[in-house]
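Below is one structure, written out as structure tokens; comments come after it.
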Amino acid sequence: MLKKIVTTLLALCLVAAALVPGCAETAQAPEKKVINWDAERQQQFADAGYAGEFKTFGSANISVMIPNDFQQGKLTDESVATGTMAAFLKADGSMIAIAQTKPTGDVTFHNMDEFEEMARKGDPNGNFQRAVVNGLEVLIYIMPEKDVCTAMTLLDNGELFTVNCAKLSANKDLYSFVAASLQIQK
């Protein structure tokens, strides 16, 4: 079951990267929301009844707040081969999966504007939100029909760091905190 969920979530993210082979310049990007995980955000997390700890992943040392009620799952060889570094599960079937992958095919992204434009071409009616989270350019892709959201950032080496969250309807506020926690550990 974990294998299917992780594979599906990664496929959703990577499909967007494979759909459009090239990217054109955007005319004018909307202003990005700035989100910082500071003492106020940490207090909001606690006031909402959540507790958790930061875990660090990947070559860029990106930390993500993992709620305490999510337990680390065992990854399959196939999910590891597709870039999944960790998956955390909750008893109700909710999941947070962390991955770092290269775009598929001959696709190369030089910046988040290129990635966002390609993603929007791959899903013209998609719900995308752009933000700067603790200094990281992040694209949030919300798929209510699949009950999934994905936070993606482009790393300096051209790879994508993704946090896939399943069962969005049961965890929307929680997943907002998870996305707001993304940060590079120095």
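Here, each number is a calculation from the coordinates, and none is a lab measurement. In this text, all values refer to a predicted model and were calculated from it rather than measured experimentally. Cβ coordinates were reconstructed from backbone atoms using ideal geometry, including for glycine residues, and neighbour counts include every protein chain displayed.
Below, the figures for the structure above:
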quantity: Relative contact order (%) - criterion: Cα under 8 Å, at least six apart; region: segment 92-186; calculated: 34
quantity: Those residues of segment 47-65 whose amide nitrogen sits under 16 Å from the label point placed on Gln185, 7 Å along Cα→Cβ; calculated: 52-65
quantity: Whole-angstrom gap from segment 31-54 to segment 83-150, using each part's C-alpha centre; calculated: 20
quantity: Diffusion coefficient, µm² s⁻¹, Stokes-Einstein with Kirkwood Rh over alpha-carbon pairs of segment 27-186 at 4 °C and 1.567 mPa s; calculated: 80
quantity: Total lysine pairs whose alpha carbons fall under 22 Å of each other in segment 40-131 (8 or more apart, or interchain); calculated: 5
quantity: Residue order, fewest to most beta carbons within 10 Å, for Asp123, Asp106; calculated: Asp106, Asp123
